[in-house]
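Written out below as structure tokens is the structure these notes cover.
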Amino acid sequence: MRGVVLIHYMVGWDAAIKKTTRKLAYNGLATIAANMHFRAGEVTSQENSVSVRESGGMPDDRRMGDVQGAMQHLRGLPYVDGKVGFIGFGIGGRLVYLGACILDNVDAAVDCGAAA
């Protein structure tokens, strides 16, 4: 089984991201959709995302560290064959492009960013 890290858009970790994660898993991909806004320290994921947006976003190196960590976790699972990529939506698409350029061991990168 292949692995994929799903990178959410600026709105954050919401029902649509969870649904997409389940759909990818249903179709045979071990999938992680990490909530990259959890460090904001608010009560709910929605409040975390609002806090992150209002503060101007998160540093790229922190996000890339989260993606790299999620990829390493997937590679360590006994049912993942070692091939791991990532897919991103909205701002997540930008992060996919960045990750494909700077991260090691990227097997696939799909940018589903919003059109400018």
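A count restricted to region 82-99 and to residues that are farther than 19 Å from residue 20 by Cβ and either under 11 Å from the mean Cα position of the chain (by Cα) or modelled with pLDDT of 95 or more (or both) stands at 1.
Output the residue which, of all residues in region 26-62 that are in contact (Cβ under 8 Å) with a residue 40 or more places away in the chain and within 21 Å of residue 102 (Cα to Cα), is surrounded by the fewest Cβ atoms within 10 Å (Cβ to Cβ).
Taking region 26-62 first, the residues in contact (Cβ under 8 Å) with a residue 40 or more places away in the chain are 30, 32, 52-53, 57.
Right, trim to within 21 Å of residue 102 (Cα to Cα) and you get 32, 57.
Details: 32: 22, 57: 12.
This residue is 57.
Residue count for region 71-82 under the criterion of being over 18 Å from residue 28 (Cβ atoms) and small (Gly, Ala, Ser): the result is 1.
If I ask for residues that are touching a residue at least 60 places away in the same chain (Cβ under 8 Å) and assigned to a loop (DSSP other than H, G, I, E, B), which ones from region 5-16 would you list?
Of region 5-16, the ones touching a residue at least 60 places away in the same chain (Cβ under 8 Å) are 5-11.
If the condition is that a residue be touching a residue at least 60 places away in the same chain (Cβ under 8 Å) and assigned to a loop (DSSP other than H, G, I, E, B), then 8, 9, 10, 11 are the ones that fit.
Yes or no: residue 23 out of contact with any Lys or Arg (no Cβ under 8 Å at 6 or more places or on another chain) and among the charged types (D, E, K, R)? For residue 23, the condition - out of contact with any Lys or Arg (no Cβ under 8 Å at 6 or more places or on another chain) and among the charged types (D, E, K, R) - is met.
Here residue 70 passes the criteria (1) modelled with pLDDT under 90; (2) within 17 Å of residue 12 (Cα to Cα) except the one numbered (1).
Within region 15-67, can you find the residues that are polar (S, T, N, Q), modelled with pLDDT of 90 or more and out of contact with any Phe, Trp or Tyr (no Cβ under 9 Å at 6 or more places or on another chain)? Let's see the steps before the verdict.
Initially, region 15-67 is screened for residues polar (S, T, N, Q), giving 20-21, 27, 31, 35, 44-46, 48-49, 51, 55.
Cutting the leftovers down to modelled with pLDDT of 90 or more gives us 20-21, 27, 31.
The answer is 21, 27, 31.
The values are calculated or read from the model by the stated rules, or taken from the named source; none is laboratory data. The structure presented is a predicted model; accordingly, all values stated were derived computationally and were not measured. Positions of Cβ are generated from backbone atoms using ideal geometry, with glycine treated the same way; all protein chains shown enter the neighbour counts.
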